[in-house]
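Presented below is the structure to which this report refers.
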Amino acid sequence: MANCKATTKSGAPCRAQSGVNGLCYLHARPERARLLGQIGGRKNRQQLPEPPTGPFSATDLRNILAETIRGVQSKTLVPRAASTIAQLCNSARTLLATAELEDRVARLEQQLAEQHRAAPDPIEADTNGSAAAGEESAEQPAEEEASAFNDAGQPVEGSDDGVEDNGEGTAEAEED
């Protein structure tokens with residue numbers, strides 16, 4: 001059989017076998033050549049592993065990075081894609097720590113609110129719920145404090161002239 005009569009893009013003669021009309025299959029049907037090239041390109045496209053769904057744990061991130069390393073070593077994953085995956089895992093790790101702290105704070109706030117609801121109100125516990133009892137108990141400490149102070153007219157015990165000696169004498173008293 002003879003070779004194709006057409007020339008390639010570079011100007012060299014086509015070396016494919018010619019068909020009935022003297023042209024090869026692709027030169028006889030140029031629109032088909034473009035379609036076949038697209039199909040071949042899709043088959044050779046780099047396939048990334050299916051990402052796991054849902055929130056990631058630290059173990060999930062570790063496993064993703066381990067698969068990425070194996071993919072680069074076995075040349076099934078290009079280093080550029082592996083670098084992107086590593087950056088995304090780093091971002092997810094940072095967010096994971098923040099989300100964990102937010103969850104802990106929310107649980108602690110909920111526990112605190114439950115404890116606050118469960119504990120009796122200290123004011124109601126002292127007064128047994130009546131407002132009059134609360135007023136009486138508020139007046140009692142004020143009366144006790146007033147009785148603790150001495151009257152100004154009473155002499156203080158332990159002094160000759162009724163004035164308390166605090167150990168700081170005046171200059172006149174020391175000269176005598």
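Values in this text are rule-based calculations from the coordinates and carry no lab data. Since this is a predicted model, take the numbers as computed values, not measurements. Backbone-built Cβ (ideal geometry, glycine too); neighbour counts: all protein chains shown.
Things to note:
- Going from the residue with the fewest nearby Cβ atoms within 10 Å to the one with the most, 64, 39, 69 rank 39, 69, 64.
- The simple Förster model, with R0 at 45 Å and r as the Cβ-Cβ distance, assigns residue 114 and residue 53 a FRET efficiency of 0.85.
- Per-residue Cβ neighbour rank within 10 angstrom, fewest leading, 27, 116: 116, 27
- Rounded FRET efficiency, nearest 0.05, which uses the C-beta distance separating residue 103 from residue 66 and R0 of 30 Å: 0.70
- Amide hydrogen proximity for residue 16: with H placed 1.01 Å from N in the peptide plane, the residues at 5 or more positions away or on another chain lying under 5 Å are 4.
- Taking a ≥ b ≥ c as the square roots of the eigenvalues of the alpha-carbon gyration tensor, the stretch 1-110 is classed prolate because a/c is 1.5 or more and a/b outweighs b/c.
- Virtual spin-label span in nm between residue 29 and residue 8, 7 Å along Cα→Cβ: 2.2
- Dipole of the stretch 58-118 [Lys/Arg +1, Asp/Glu -1 at C-beta], most positive-end residue of 96, 113, 63: 63
- Calculated FRET efficiency for the pair residue 38/residue 75, C-beta based, R₀ 30 Å, to 0.05: 0.75
- Note that the stretch 65-70 has calculated 3J(HN,Hα) couplings of 5, 5, 5, 5, 4, 4 Hz, one per residue in order, obtained from phi through the Karplus relation 6.51 cos²θ - 1.76 cosθ + 1.60 (θ = phi - 60°); glycine and proline are x.
- A simple rule links phi to the HN-Hα coupling: the Karplus curve 6.51 cos²θ - 1.76 cosθ + 1.60 with θ = phi - 60°, which for the stretch 100-113 gives 5, 5, 4, 5, 5, 5, 5, 5, 5, 5, 5, 4, 5, 5 Hz, with x for Gly and Pro.
- Here the dipole of the stretch 58-118 is about 360 debye; that uses its Cα centre as origin and unit charges on the Cβ of Lys and Arg (positive) and Asp and Glu (negative).
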